[in-house]
Amino acid sequence: MRIPAIAAAAAWLFLLGPSPTGAQVQAPSLVEGDLPAEEPRAKPAARSGEQVPEPPAPPEPLPPAPTPRSDVTVAPPGLAPGVTIGSEELRRLQRPIEPVGIPPARIEELWQARRKAAREQDGPTSRAAAEALSDAMRELGIGSLPWHAVAEVREAERSLRARAVDDAVEHATTAVALAPDLPEPHFALARARFAAEPMRPLPAIRAAWGGLVAAARDPHVARALLGDLASAAIAALFGAAAATVSILFLSRLRIFLHDFRHLPVVRSGTQGQATALALALLALPFVFRLGPFAVLFAVSLAAWSYLGRAERIAVTCSLLALVAIPWLAVQASRITAWQGTLADDVHEIETGWPTPDFVAEMKARSEREQLPAVALLAVGRWHKRQGDLVEARRWYEAALAADPRSAEAQVNLGNVLFLQDDLEGAKAAYLAAVERGTELSTVAAAQYDLGKLYLRIAAVGQSSEARRKAAQADAPYVSRHGSDDDFRANAWLLDAMPSVERLAEMASRDAVPRAVGEAAMRRVAGPLARWGWPLLPLALVASLWGLALLVPRLAPAAPCERCGRPACRRCDPWATTSCGQCVNVFLRQNAVEPRDRSRKEAQVRRHARTRRWTERALAVVGGGAGHVVGGRPLTGFLVLFALLFLGFLVWFWNGVVPPPQHSPYAVTLRLAVAVPLLVLLYVIAVRDAFRHAREE
C-alpha cells in the first residue's frame, strides 16, 4: 500500500477508533442543551486581614480502564497516540515486501535471448528482452553489467558503420541502462545521436557530458587517468632535470677541462691525457652503476664553479626533483592504486554481478587471512541480493565481529532483520547505525530504512521525520538508490555500500604502492638507496652551495664574453671577464697588428653566430633547451617539463595501466587535448627562443 493510503488510514483510525480509556468521542452538536456548562468564574482575591481559604482536595483517582477486548490490540510502540489497531488489520492494510523471485541465472538467459533476437532481426523480442533484463537487474540489485554494456557499444558501432542510425541509438541507450557508470556507453550514445540528428547537437552534447561525469565517477577510469597523468608528470620531471643539468654541463665542459689541466698532479701531463683523465673520472658513477642521481650530481659538481646564480638554482631544482621522485612515485601509486587490489574486488561484488567462482575465491581468502569488514559485507550483500537472507545475515554478523563500530553492517543487518519480520531488531540496528555512522550516505540509508520501518508500524510522524533527516544527510544517494513504489526486497529498502573514497583509502594501504616506491628509488638512487636516502643526497646538494662560498678563492676560469675562450688568470694575469686576446685586441689600443685584430673580430662574430644557432637548434630539438643554453635556465626547465609532460601523455596514448573496459573514445579525447597543447606550447617556445637569439 502506498504512503498516502497508510497516512489516510492512520488518520481515520485516529479519528474514529476507540480511545485508550474506552470512552467514545461525541459528535459536535448545535443544540443548546448539549452545550457544555460554563466554567465557574474565578473568586475575587481575599481582602487584607481576611483568612485565606484552604485549596480544595485533589480529585479521587479514576478507576482503572476496562480490560480491552480480545479483538482490539493496543498500539505497538511508536504508533501515533490514540490509535489502536490489530496486527492482522495492520498487515491487511499494508502491501507486503516482495522477496527475490528470479534465479541469478535469469540474467544470462535474458542476455542470450536478446542476442538471439537481434541476430534473427526480431526487433520487438529484442527490445522486450532488454526491458526484462533491466527489470531483472533491479530485482537482483545489480548496479552495472559492464561487459554486457561493452557488447552493446560494439553493436552500436557496427550499426553506425552500416548506416543503421536508429539501431545504433537503441544499442547505445541499452548500454547506458546496463552500465550507467561506464563512460563508453555515454560516448557511444553521443556519437549515435549526433549521427542521427547532426543539426541538433544538444542531445549529443548532453550524452557526452554524461560520459565525462561517468568517467569521473567510475574508479577504474578515473584512477587509471590519474595514473597516466602522474606517470607522465614523474617521467617529465626526470627528463627536464636530466636535460637541464646536462645542457649546463656541456656548455661549461670546455672551461672545466681547461681548469682541470692546472691541477698539481695533472699539469705534468699533456692536454690529451688531462682530458682523458677528466672524462674518465666523470664517467665513474655511470660505470659503477650508481644511478642517475650520482651521474647528474657528478656533472653538476664539475660545472658548479662556472655557473651563474640562476643556473645554480636551476641545477639545485633539478637535483631536488630527482630526490623527490621516489616519494612522488609512492604518493602517485597510493592515489591511483585500484586494479588488482582488494578494494577493486569489493567494488566488483558490490556494484556488478560477479560469477559464483569469484565470490567463492573471496570466501576462501577470508578463511586464509583476516579481511576487513567491507569485504565481508560485500559477500553478505551478494547473498542478500539473491534472496539468501540466512547466509547474508551470517556474513553481516561476521562483519560486525570484525568491526563492531561498522555502521554499514548495522544498516544491512537491519535490512535482513526487516525482511525476516524482526522489526524490533531492525529498529535497534538502524538506530545504532545512525549513532555510529560517519559517512553521510550510510546515515541517509539508515534514516531512510528507519522511515520505512515506522511506516510498517503506522508511525507516520516519526516516518516523516526520518525521511527528512535522510534527505538532509545525502539526498542524491537516496534519490538514486531508494524507491517508494517498487516493493521488491532489493529496491524498497536501501542498503549501505562503502563509498569509493573509503575503498580508495583501503587500496592505498595495499602493498603495491610501497613496491612501486621502492622500485623508483632503486632506479633513481641505485646503491645510494641503502646509504641514508634521502638525507645523503640532500646533504650533497647542500654541499654544492657550501662550495659556492669557496669559488672566489679558487679563481676558476670563466668563458670569455666576446669569443667564448677560457678567461684564465693563471694563463694570462690580465684576463678579467674577457680572455687575454680580447683584452689586447679590444681594450688596448695598437697592441696587436691589424691583421690579428681582423682575425680576432672574425672569431668573435663566428662565436656569436655559433651561439645564436646553437640556441635556435636546441629550441627546435627540445623546446626549452634553447632557453637553458640562452641564459634563462629556470624558464627552460619549466618549458621542458611542460613539453615532456604533454609528450609522455601522447606517448602513453594507450594508458600506463588501462582500465578493464578500455575505451577508444577516451584515447581519442586524450589525443585531441594533448596534441594541440603540445604543438601550441612548442611553437611558442621556439618562437620565443628565436626572438631572444635575434635580440642578442
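The values are calculated or read from the model by the stated rules, or taken from the named source; none is laboratory data. Treat the numbers as computed from the prediction; the structure is a model and nothing was measured. Cβ placement follows ideal geometry from the backbone for every residue including glycine, while neighbour counts extend to all protein chains displayed.
Just to be sure I understand the filter: pairs with C-beta atoms under 6 Å, separated by 6 or more residues or on different chains, first member in the stretch 241-256 and closer than 16 Å to residue 312 by Cβ and in the same structural domain as residue 267 (by TED's automatic domain parsing), second member aromatic (Phe, Trp, Tyr) and surrounded by 22 or more Cβ atoms within 10 Å (Cβ to Cβ). Which pairs pass?
244/637; 252/306; 255/306
Only one of (1) at pLDDT 90 or above; (2) farther than 25 Å from residue 492 by Cβ; (3) buried (at least 19 other Cβ atoms within 10 Å of the Cβ); (4) not β-branched (Val, Ile, Thr) fails for residue 363. Which number is that?
(3)
For the structure I just gave you, tell me whether residue 628 is modelled with pLDDT of 85 or more and within 25 Å of residue 307 (Cβ to Cβ).
Numbers: modelled with pLDDT of 85 or more: yes; within 25 Å of residue 307 (Cβ to Cβ): yes.
Judged against the criteria, residue 628 is a match.
Quick grid of which residues meet (1) modelled with pLDDT of 90 or more; (2) farther than 24 Å from residue 481 by Cβ; (3) buried (at least 20 other Cβ atoms within 10 Å of the Cβ); (4) more than 35 Å from the chain's Cα centre (by Cα):
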| residue | (1), (2), (3), (4) |
| --- | --- |
| 95 | no, no, no, yes |
| 101 | no, no, no, yes |
| 117 | yes, yes, no, yes |
| 128 | yes, yes, no, yes |
| 142 | yes, no, no, no |
| 148 | yes, no, yes, no |
| 151 | yes, yes, no, no |
| 159 | yes, yes, yes, no |
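Yes or no: residue 645 under 21 Å from the mean Cα position of the chain (by Cα) and crowded, with 18+ Cβ neighbours inside 10 Å?
Working: under 21 Å from the mean Cα position of the chain (by Cα): yes; crowded, with 18+ Cβ neighbours inside 10 Å: yes.
It is true that residue 645 is under 21 Å from the mean Cα position of the chain (by Cα) and crowded, with 18+ Cβ neighbours inside 10 Å.
For a quick check of your reading of the model, give me the residue pairs whose first member lies in the stretch 265-279 and is surrounded by 12 or more Cβ atoms within 10 Å (Cβ to Cβ), whose second is of a type in the set (S, T, N, Q), with beta-carbon atoms closer than 8 Å and at least 6 apart or on different chains.
Qualifying pairs under 8 Å: 266/273.
List pairs: first residue in the stretch 456-468 and under 15 Å from residue 484 (Cα atoms) and of a type outside the set (Lys, Arg), second residue modelled with pLDDT of 85 or more and in a helix (DSSP H, G or I) anywhere in the structure, Cβ distance under 6 angstrom, at least six positions apart or on different chains.
From residues that are under 15 Å from residue 484 (Cα atoms) and of a type outside the set (Lys, Arg), the pairs are 463/451; 463/454; 463/455; 466/447; 466/450; 466/451.
Those residues that are assigned to a helix (DSSP H, G or I) and surrounded by 14 or more Cβ atoms within 10 Å (Cβ to Cβ), I need them from the stretch 531-546; list them, please.
Scanning the stretch 531-546 gives 536, 537, 538, 540, 541, 544.
Could you tell me whether residue 409 is out of contact with any Phe, Trp or Tyr (no Cβ under 9 Å at 6 or more places or on another chain) and of a type in the set (Gly, Ala, Ser)? Write out each step before concluding.
Details: out of contact with any Phe, Trp or Tyr (no Cβ under 9 Å at 6 or more places or on another chain): no; of a type in the set (Gly, Ala, Ser): yes.
Spelling it out, it is not the case that residue 409 is out of contact with any Phe, Trp or Tyr (no Cβ under 9 Å at 6 or more places or on another chain) and of a type in the set (Gly, Ala, Ser).
Sort through 655, 624 and tell me the only one that's buried (at least 19 other Cβ atoms within 10 Å of the Cβ) and either closer than 19 Å to residue 233 by Cβ or in contact with a helix residue (DSSP H, G or I) (Cβ under 8 Å, 6 or more places away or on another chain) (or both). Steps first, answer last, please.
Numbers: 655 fails: buried (at least 19 other Cβ atoms within 10 Å of the Cβ).
From the options 655, 624, the qualifying one is 624.
For the stretch 364-396, what are the residues that are among the charged types (D, E, K, R) and part of a helix (DSSP H, G or I)?
Initially, the stretch 364-396 is screened for residues among the charged types (D, E, K, R), giving 365, 367-369, 381, 384-385, 388, 391, 393-394.
Correct list: 365, 367, 368, 381, 384, 385, 391, 393, 394.
Between a residue in the stretch 340-351 that is in contact (Cβ under 8 Å) with a residue 60 or more places away in the chain and within 14 Å of residue 496 (Cα to Cα) and any residue that is among the β-branched types (Val, Ile, Thr) and assigned to a helix (DSSP H, G or I), which pairs come within a Cβ distance under 7 Å, given they are 6 or more apart or on different chains?
Once the first residue is in contact (Cβ under 8 Å) with a residue 60 or more places away in the chain and within 14 Å of residue 496 (Cα to Cα) and sits in the stretch 340-351, its partners that are among the β-branched types (Val, Ile, Thr) and assigned to a helix (DSSP H, G or I) give 346/374.
Assuming residue 552 fulfils every condition listed in (1) more than 30 Å from residue 325 (Cα to Cα); (2) in the same structural domain as residue 327 (by TED's automatic domain parsing); (3) touching a residue at least 60 places away in the same chain (Cβ under 8 Å) apart from one, which condition is it?
Failed condition: (3).
Quick one: which residue in 198, 219 is surrounded by fewer than 18 Cβ atoms within 10 Å (Cβ to Cβ) and either in contact with a Pro (Cβ under 8 Å, 6 or more places away or on another chain) or over 18 Å from residue 668 (Cβ atoms) (or both)? Write out each step before concluding.
Working: 219 fails: surrounded by fewer than 18 Cβ atoms within 10 Å (Cβ to Cβ).
198 is the lone residue from the list that is surrounded by fewer than 18 Cβ atoms within 10 Å (Cβ to Cβ) and either in contact with a Pro (Cβ under 8 Å, 6 or more places away or on another chain) or over 18 Å from residue 668 (Cβ atoms) (or both).
What is the residue count in the stretch 643-668 for residues that are outside any loop (DSSP other than H, G, I, E, B), touching a residue at least 60 places away in the same chain (Cβ under 8 Å) and either within 25 Å of residue 189 (Cα to Cα) or in contact with a His (Cβ under 8 Å, 6 or more places away or on another chain) (or both)?
Going through the stretch 643-668 one residue at a time, the tally reaches 2.
Please go through (1) in the same structural domain as residue 350 (by TED's automatic domain parsing); (2) in contact with a Leu (Cβ under 6 Å, 6 or more places away or on another chain) for residue 477 and return the number of the only condition it doesn't satisfy.
Tallying (1) in the same structural domain as residue 350 (by TED's automatic domain parsing); (2) in contact with a Leu (Cβ under 6 Å, 6 or more places away or on another chain), residue 477 fails exactly one: (2).
Can we say residue 616 is of a type in the set (Lys, Arg), in contact (Cβ under 8 Å) with a residue 24 or more places away in the chain, crowded, with 17+ Cβ neighbours inside 10 Å and not assigned by TED's automatic domain parsing to the domain that holds residue 303?
On the way: of a type in the set (Lys, Arg): yes; in contact (Cβ under 8 Å) with a residue 24 or more places away in the chain: yes; crowded, with 17+ Cβ neighbours inside 10 Å: yes; not assigned by TED's automatic domain parsing to the domain that holds residue 303: yes.
Criteria met by residue 616.
Quick check on my filter: what residues within the stretch 344-381 are over 26 Å from residue 100 (Cβ atoms) and either of a type in the set (Asp, Glu) or outside the structural domain of residue 406 (by TED's automatic domain parsing) (or both)?
344, 367, 369
State which residue is surrounded by the most Cβ atoms within 10 Å (Cβ to Cβ) when the search covers only the stretch 463-508 and only residues that are in a helix (DSSP H, G or I) and among the aromatic types (Phe, Trp, Tyr). Walk me through it before giving the result.
From the stretch 463-508, those in a helix (DSSP H, G or I) are 463-481, 489-492, 500-508; that's our starting set.
Pick out the ones that are also among the aromatic types (Phe, Trp, Tyr) and you get 477, 492.
Details: 477: 23, 492: 20.
Only one residue tops the list, namely 477.
Give me a count of the residues in the stretch 538-556 that are modelled with pLDDT of 90 or more and either touching a helix residue (DSSP H, G or I) at 6+ places or on another chain (Cβ under 9 Å) or of a type in the set (S, T, N, Q) (or both). Don't jump to the end; show me each part of the working.
At the first step, the residues of the stretch 538-556 found to be modelled with pLDDT of 90 or more are 538-545.
Next cut, either touching a helix residue (DSSP H, G or I) at 6+ places or on another chain (Cβ under 9 Å) or of a type in the set (S, T, N, Q) (or both) only: 538, 540-541, 543-545.
Selection size over the stretch 538-556: 6.
Can you find a residue that is buried (at least 20 other Cβ atoms within 10 Å of the Cβ) and within 27 Å of residue 439 (Cβ to Cβ) anywhere in the stretch 514-524?
no
Check the stretch 559-570 and report whether any residue there is of a type in the set (Gly, Ala, Ser), in a loop (DSSP other than H, G, I, E, B) and at pLDDT below 75. Even if it seems obvious, please write down each step before you answer.
Pass one, the stretch 559-570, residues of a type in the set (Gly, Ala, Ser): 564, 567.
When the remaining residues are screened for being in a loop (DSSP other than H, G, I, E, B), the result is 564.
Keeping just the survivors that are at pLDDT below 75 gives none.
No - not one qualifying residue is present in the stretch 559-570.
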